[in-house]
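What follows is a set of notes on a single structure, which appears directly below.
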Amino acid sequence: MAIADDLRHDPTLSPRAAVPAKPRFETPLVPRNSIAGSALIAVVAIMTFLASLTTGAVVLVGQAASEWQSDVAREITIQVVPASGRDTDAVVDKAAAVARAFPGIADVRVYSKEESGKLLEPWLGSGLSLDELPIPRLIVLRLAADASVDTAQLGRQLAAQAPGAALDDHRGWIDRMRAMAGSVVGGGIAILVLIVAATVLSVTFATRGAMATNKNVIEVLHLVGAKNGFIAGNFQRHFLVMGLQGGAIGGGGAILIFLIAALIGRFTAGSAAGDQSAALFGSFSLGLFGYVAVLAQIVLSALVTALTSRYTVNRTLEAID
């Protein structure tokens, strides 16, 4: 009984006191909340935002260029330039008749003189008298679906039966459009490469800073036999979370910008500015492919951040060895 009383009144004599308590680590190897960590999240967010905007712009331009090429490729134009001693109306009627009889032509639309003049208003303005200008008369030919039209033969028939009528299949314009779209895509890829390079450099410096801050802990772990992969894994998981946070902020901001732009485009539809914007960039809707590409930017930012930190830690630990 006396022994029991002693054990009850003196906890140090309790059998449980003989069992050593397990060590508890209240803080991780890499601090989660720090000024440097917040700055890195901001940098990743900005880089992801710029990369997502670039990707979205490339997708919009690519979609618009594809639509332009598809529309223009299904149309050819006949131009009749007024000249002295030439009955312009007769030449237009004859050229339209030749086009209607030619195989593969689905529709022929003849523009009147007033309609041809209105096509110049976006460049010359309205209210001008165009009577003294030799405005060409236009005939737009819509090709039938899945039809192959021999434009060379059509041009020869026009030259023989409607002198003064010139055929334009827009081939040169389509080639320039393809070159422009290719240049935009190439420029976008170059910008993305620069953004990824800047992100890698930022993560490298941030990782080295984190290792310098926890130098003593890392050296102790290294001396007691901790593998390089264990230490690098802690940094990789830490920077992966930071990359996901920054990527989500930046990518989410870019998606919001595109959604707002699409909403504004719907409200301005029918106005002059809205029609010009729609003609150049479409409806500002990225579509499924565009939004998937932006989401891929978020994942890519996180992977680049994590892999760069792991590579930096491994190289630093190998130098210590």
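The values are calculated or read from the model by the stated rules, or taken from the named source; none is laboratory data. Every value quoted in this text rests on a predicted model; they were computed, and no experiment measured them. When we count neighbours, we look across all protein chains shown, and the Cβ atoms used for this are built from the backbone with ideal geometry, even at glycine.
For (1) of a type in the set (Ser, Thr, Tyr); (2) within 18 Å of Trp68 (Cβ to Cβ); (3) assigned to a strand (DSSP E or B); (4) touching an Asp or Glu at 6+ places or on another chain (Cβ under 9 Å), each residue gets a yes or a no:
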site	(1), (2), (3), (4)
Pro134	no, no, no, no
Asp146	no, no, no, no
Val184	no, yes, no, no
Ile189	no, no, no, no
Thr199	yes, no, no, no
Val203	no, no, no, no
* Complete set of residues in region 78-89 that are within 10 Å of Gly164 (Cβ to Cβ) and of a type in the set (Gly, Ala, Ser) -> Ala83
* Structure fact -> Filtering region 148-170 down to residues that are assigned to a helix (DSSP H, G or I) and surrounded by fewer than 12 Cβ atoms within 10 Å (Cβ to Cβ) yields Ala152, Gln153, Ala160
* Asked: exposed (fewer than 13 other Cβ atoms within 10 Å of the Cβ) and at positive phi - does that describe any residue in region 176-184?
  -> no
* Somewhere in region 294-304, is a residue at pLDDT 85 or above, over 14 Å from Val196 (Cα atoms) and surrounded by 14 or more Cβ atoms within 10 Å (Cβ to Cβ)? -> yes
* **region 147-189 - residue that is among the basic types (Lys, Arg) and in contact with a helix residue (DSSP H, G or I) (Cβ under 9 Å, 6 or more places away or on another chain) and, of those, farthest from Ser52 (Cα to Cα)** => Arg171
* Asked: Does Leu263 fit the bill of being in the same structural domain as Ile195 (by TED's automatic domain parsing), under 16 Å from Gly56 (Cα atoms), modelled with pLDDT of 80 or more and loosely packed, with under 15 Cβ neighbours inside 10 Å?
  -> yes
* Here are some conditions: (1) under 30 Å from Gly155 (Cα atoms); (2) under 24 Å from the mean Cα position of the chain (by Cα); (3) of a type outside the set (A, V, I, L, M, F, W, C). Ser202 meets all but one. Which one does it not meet? -> (1)
* Structure fact -> Filtering region 96-106 down to residues that are surrounded by fewer than 18 Cβ atoms within 10 Å (Cβ to Cβ) and either of a type in the set (A, V, I, L, M, F, W, C) or modelled with pLDDT under 85 (or both) yields Ala97, Ala101, Phe102, Gly104, Ala106
